[in-house]
Amino acid sequence: MKKYSLITICFVLVSIATIAQENQVQVDVKSTKLQLTKQGKELLIEAYIPRGITEFELRIESDRNNPVSSARDIISSDPDPAARAANFERSSLDVRYPVVDVELEYGMDGVCVFEQEPEGEYIFGGPFFRESLPLKKEIPLPTHKLEYWENSLMLDYTVPKIEKIYLRKTFPVILRDFNHTFNLLSEDWSGKITIVAQVNNETVELATSRIEKTTLTYEKAKRLEQMKGSGISRERLISSLELLIDDGLRRQNNNPYSPMYGNLYSFYDLEAKVHRTNYWNWASTQYVKMVLDAIEVPEIQQLYNTDELVNAVDKIGRNILRYQLLEEGHPSEGSFLVIWSRRFNRYTKWIGTSDSGVMIRWALIPLFQATGDSTYLEASIHWCLQKGSMLDTFDVLPHYYRYDEDRFNERILDETGWDPEGHAALYEVTGDDRFRKIGKEFMNKHMKAFQREDGLWHRAYDWPTGEHIETIKMTRGLGWAMEGLLAMNRMYPDTIYLEYAEKMAKQFQKNQNEDGSWSYIFDGDAEEVGISEKGTALWSLLFYQLYNATEKPEYLEAARKALSWCLENQYTGPDIEAIGGLVGATPASMVGIREYFPSSCAYTTGFFGMAILEELEILSKE
C-alpha cells in the first residue's frame with residue numbers, strides 16, 4: 001500500500017511538471033506597442049499586447065514622486081537650517097509624502113519600492129489610519145488608504161530612500177488591441193507608463209513610454225498678469241476673483257472614498273508640486289463664504305454656473321457636519337473636528353472647543369442661508385448652547401480637546417479670539433439673544449486673560465497654571481483675535497470691543513509696509529522675517545470691516561493698500577496648480593511642516609476674495 005501511494009504521488013508530480021513544460025509560451029515581447037496621448041486631464045493609453053499574454057499590469061509613475069518629498073526636507077533658502085535640523089533631533093521619525101495625481105479606479109492600488117532592503121515598521125494612511133506593519137523592499141499602498149494628492153508614509157528617517165512609487169491596475173487581454181483612458185488630477189502631469197506581464201512565471205516589462213513635462217498657458221492668468229501695476233479697477237477685481245474661485249475648485253478633494261471628501265486641500269506646495277493637508281476642516285470655510293457672496297456679482301454669474309458653485313461649497317459643509325462631536329456627555333460635545341495637527345513625527349486630532357465658531361461664521365450659516373437646509377442651522381445652535389454650558393466650568397475656555405488622549409489641551413492661543421464669529425452669525429440670522437450673551441461671556445473671559453492695554457493680545461495662556469506667553473506680534477495670529485473683536489462689535493456696537501479693535505488696528509497701521517503688506521512679525525523687517533501673505537489678505541478684509549464699522553477713511557486706506565499688494569502678488573504661473581493664490585515662504589508657510597517652502601493657502605484665497613468683494617461693494621456706491 002505504501003509503495004502504491006509513492007508511485008501515485010510520483011506520477012502526479014511528473015504530470016504537473018509535464019503540463020508546466022507544455023504550457024511554456026513563446027511571447028514576442030518586441031511586438032508590444034504602447035502609445036500615450038495626453039489631452040487636458042485625460043491620458044489615453046493605446047497598446048498592442050502580444051499573443052500568449054492573458055492579462056497584464058499597467059503601472060503609472062508620476063514625476064511628482066521623483067523625488068518623494070519629506071517632512072524633514074530643509075529648503076536651501078532656509079535662514080536657519082541648523083535650527084531646523086536641531087528640531088528634527090527630537091524624534092527619529094519622518095513622514096514621506098507619496099503623491100497620487102491620477103483619479104483612482106476600481107482595482108487600482110499602489111506600490112512603494114525602496115532603494116535598499118529596509119528595516120523596522122511603517123504606518124501608511126495617516127492621519128486616518130494607524131496600523132503599523134513591517135517594512136519590506138516593496139510595500140503595498142492599499143486602495144482604501146490612498147488619498148488624492150498627498151499621502152502619508154511614516155517611518156524612521158534612517159530608512160533608505162524611496163526608489164519609486166507607482167499605481168497599478170491589472171487588465172485582462174480580451175482583444176490584443178487595447179485602449180484605456182485615465183483621468184488625471186492636473187493638466188500639468190508628466191510621468192511614465194509601463195506594461196508588465198507574467199511570462200513563463202517571470203515578471204517581464206513589455207513596454208514603457210513617457211509623457212514629458214510641457215509648459216502650459218493659462219489664458220485667464222495671462223490676462224490678469226497684464227493688468228498688474230494698473231491700480232484697482234472693477235475689471236481687474238473681477239479677473240482676480242475669477243482666479244481665486246478657480247484656485248479653490250482645483251483644491252477640492254473629489255475622491256469619493258476619502259474620509260475628507262469635499263474638503264479643500266489647505267496648502268499647495270510649489271516645490272513638491274502637490275496639494276497638501278485635506279484634513280484641516282476649518283481652513284476650507286472662508287472659501288465657502290467668499291463663493292456664496294461672489295455669486296451675487298453679475299459678472300461672476302456670467303462666468304460660472306452658480307448652481308455648480310453652490311454644490312461645490314455645499315460638499316465642504318457636508319464634510320464639516322460629518323465631524324460634529326455628538327457623543328452625549330462628552331466634555332466637548334457640540335464642537336467640531338477642526339484639524340489634525342501634524343508635525344514631522346506625529347498627528348494630533350483637535351476638537352475645536354474654541355475654534356468651531358469660525359466654521360459656523362464662514363460656512364454653516366452662509367450655507368443655511370444659501371440652501372435653506374436647516375441641518376446647518378441646527379448644528380450651529382447645538383454647538384453654541386453646548387459651549388454655553390462649558391463656560392460654567394472654565395475661567396477661560398480651552399483651545400481644543402485632544403480627542404485620542406481624552407483631555408483638553410493646556411495651552412490656549414490668541415488665535416481662539418476669533419470664536420465670537422460663530423455667535424455673531426447665529427445672532428444675526430436668528431435674533432436670539434442667547435447666542436450673543438454666550439459670545440459675550442466667552443469673549444470677556446478671554447480678554448481678561450489675553451487683552452493688553454496697547455491693543456495687542458498675549459500669544460498664549462496656560463489655563464491650569466494661569467501663566468502667559470507674551471505676544472510674538474505674529475500678523476496672522478493677532479488677526480484672528482481682531483476677527484473676534486469685530487464680531488463682538490456686530491453684536492454690541494460701539495462698546496469696549498470696538499475700542500480695543502481700534503487700538504490693535506493702530507498698531508498695524510503704523511507698521512504696514514510701504515508696499516501695503518505686513519511682515520510675518522508685524523513690526524519686523526520683511527527682509528529678515530518675510531512677508532505674511534496670509535496675514536496681509538486677512539488684514540485687508542479686517543480693515544475693510546473696521547471701515548464699515550467706523551467710516552474712518554484711514555482704515556479704508558490701509559485696506560486698499562493691503563488689497564493692492566495682494567493684487568500685485570497674485571500668482572499667475574508657471575505652475576498651473578498654484579494660479580490664483582498668494583504664495584508665501586515663512587516659518588508657517590504650511591503651518592507645522594516644511595518651513596520656508598513656498599506655498600499657497602486655501603484660507604488666504606478666501607480672505608483675499610472677501611476683501612475684493614468689500615472693495616467691489618464700495619466701488620458700486622461711489
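Miscellaneous remarks
- Here the calculated FRET efficiency for residue 468 and residue 432, from their Cβ-Cβ distance with R0 = 30 Å, stands at 0.30, rounded to the nearest 0.05.
- Between the C-alpha center of segment 294-368 and that of segment 68-108 there is a gap of 27 Å.
- Prolate/oblate/rounded call for the chain, Cα gyration tensor, a/c under 1.5 rounded: prolate
- Accessible surface of residue 607 - all protein chains present, 1.4 Å probe, nearest 10 Å²: 0
- Sorted on the mean count of surrounding Cβ atoms within 10 Å across their residues, most packed first, peptides 328-340, 126-138 read 328-340, 126-138.
- Cα centroid of segment 182-207 to Cα centroid of segment 460-494, whole Å: 53
- Rounded to the nearest 10 degrees, the angle from helix 2-22 to the longest Cα principal axis of the chain is 70 degrees.
- Taking segment 40-81 and a reference point 7 angstrom along Cα→Cβ of residue 176, the backbone N atoms nearer than 12 Å belong to 48-54.
- Modelled label reach - residue 130, point 7 Å along Cα→Cβ, segment 316-355 residues with backbone N closer than 15 Å: 340-343, 345-351
- Here the gap between residue 257 and residue 548, fully extended at 0.36 nm per residue and compared with their Cα-Cα distance, gives a gain of 100.4 nm.
- Using the 1.4 Å probe convention, the accessible area of the chain works out to 42 Å² per residue with neighbouring protein chains retained.
- Members of 289/510; 440/552; 445/534; 506/552 lying beyond 24 Å, as alpha-carbon distances in this model show: 289/510; 440/552; 445/534
- Rg and Dmax of segment 365-419, both derived from C-alpha coordinates alone, stand at 14.1, 39 Å.
- Dividing the helix sum by the residues of the chain, where each DSSP H run of 4 or more adds -39500 (n - 2.57), gives a mean residue ellipticity at 222 nm of -12000 deg cm²/dmol.
- Contour minus Cα-Cα distance for residue 494 and residue 228 (0.36 nm per residue): 91.9 nm
- Degrees, to the nearest 10: 433-450 long Cα axis against longest axis of the chain: 90
- Carbon + sulfur, % of accessible area of the chain - ligands and nucleic acids excluded, 1.4 Å: 49
- Averaged over residues, the count of other Cβ atoms within 10 Å places the peptides 556-564, 77-85, 59-67 in the sequence 556-564, 59-67, 77-85, highest first.
- On the basis of the beta-carbon distance and an R0 of 56 Å, residue 187 and residue 527 show a calculated FRET efficiency of 0.95.
The values are calculated or read from the model by the stated rules, or taken from the named source; none is laboratory data. Everything quoted here is computed from the prediction, not taken from an experiment. Cβ sites come from the backbone with ideal geometry, for glycine too, and all protein chains shown count toward neighbours. Keep in mind that these areas ignore ligands, DNA and RNA; they rest on the heavy atoms of the full protein, side chains included. Shrake-Rupley method; radii C 1.70, N 1.55, O 1.52, S 1.80 Å.
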